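The values are calculated or read from the model by the stated rules, or taken from the named source; none is laboratory data. Quick caveat: nothing in here was measured; it's all calculated off a predicted structure. Reconstructed Cβ throughout: ideal geometry from the backbone, glycine too, with neighbour counts over all protein chains shown. Note: areas computed on protein heavy atoms with side chains; ligands, DNA, RNA excluded. Shrake-Rupley method; radii C 1.70, N 1.55, O 1.52, S 1.80 Å.
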Amino acid sequence: MDRPEKTVLIRRIKGRIQRRRLLTAAESLRRGGIVVFPTETVYGMGADALNAAAVSRVFSIKGRPLDNPVIVHVADRSEVDRLCIEVPEKAGALMDMFWPGPLTLVLRKSDAVPGVVTGNLDTVSVRMPSNEIALSLIRSARTPVAAPSANLSGRPSITAFVEAVSELKGKVDFIIDGGRSRIGVESTVIDMTHRIPRLLRPGGLPVEEIELAVGRISIHPSARGFTEYRGATTPSPGMKYRHYAPEHSRVLLFEKQPRVGLAISRTRDRLYASGHTVAMLLTDETPISGGVVLRLGSRKEPEVIARRLFSSLRKLDRSGFDYILAEGIADEGIGMAVMNRLRRASAVPVHTAGEEAGRRRKTAQR
Ligand code: TXA
Ligand code: MG
């Protein structure tokens, strides 16, 4: 099953996935197959978490660096005991309050988890998704499911069945239709191995809600999305890689500021003058005259903006604009997840910046 010639697409009939067909996907997982499935956050690319060879295939299909660990998905709290050596009290409390849901907890790993799943770290991240298809797939597979976001490495996450099909058909064994993702940004990742739990990645569950439940959470600096290319050691290896970037377009982010529309239109006009094509990704509140505009939603409803974020980036990228000028929103609540993704989508990785500088130097020498 190394290169699936045929990817089986499991579509919804009258809004539902047939049980019989879901069982064939679950059976494939048990035999080392790769199944793309919907969750409430984004689509995942799943493999049996206890099968090192299957998980390795996920890394190679995605082109994912081997030191970037993946999240293990469970359908039942009791499965966590097998995966980790202890569940700290606050972690148990968070599971009780927020599972199933968009919350991933980093715990000390047990020997049952193959090193490839955790990038050879001594921790493992676990999550119980709330999406019904995801839950019945994991339950029927009778094994925990390792699943990074389904996108090819570095690209925006996948939040719709059609996007999964266009990016992954021919590369995986099954793709299951779950329509559009309800939340649209990935889960919140909290490292529970410290006395004060640490936010590694903001996501669908606002950190403010988590603090209300278990008290103070420290925020790792890279959780804001600013520092991943500065060479600092990152506790979550995924943070150091270029991420969420469209294939063709360059994203320029305008942080929240008064008269942001004016700043964006000035940049747009400068880019027009140098012959570039430009699209703008704006909130409903920002007035703008002229140009191609995609509205993300109202600043008063950041969860709507989160839901539309990745598919909007993908849509503009497909249209082949040279630049996407994106308006930032308040860095709080689910807006923190939105801003983390936008900052990272607009970042220029150090090696690329270095190469560009090198090229410029060479050109100057000639
Ligand atoms: O919502 C989600 O979390 C989705 C769905 C499919 O569940 N999954 C997802 O996986 O976003 P992925 O692989 O794209 O992102 C997982 C993040 C990465 O930044 C990774 O470095 C971090 O979690 N992570 C995973 N295991 C970790 C660990 N043991 N310690 C620290 N960070 C970890
Ligand atoms: Mg990802």
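Things worth noting here:
- Using alpha carbons only, the radius of gyration of segment 1-156 set against its Kirkwood radius gives Rg/Rh = 0.95.
- Across segment 24-69, Cα-Cα distances exceeding 18 Å account for 28% of all pairs.
- Tensor-based shape of segment 245-322 (alpha-carbon gyration tensor, a/c under 1.5 rounded, otherwise prolate or oblate): oblate
- Trypsin sites (Lys or Arg not before Pro) restricted to DSSP loop in segment 3-79 with at most 10 other C-beta within 10 Å: 6, 14
- Based on Cα atoms of the chain, Rg over Rh with Rh as the Kirkwood radius reads 0.97.
- Taking the square roots of 5 times each eigenvalue of the Cα gyration tensor of segment 1-82, largest first, gives ellipsoid semi-axes of 21, 18, 13 Å.
- The accessible surface of the chain, taken with every protein chain in place and a 1.4 Å probe, is 50 percent carbon and sulfur.
- Approximate shape of segment 291-341 as ellipsoid semi-axes (Cα gyration tensor, √5λ), whole Å, largest first: 20, 10, 10
- Relative contact order of segment 1-133, taken over Cα pairs closer than 8 Å and 6 or more residues apart, is 25 percent.
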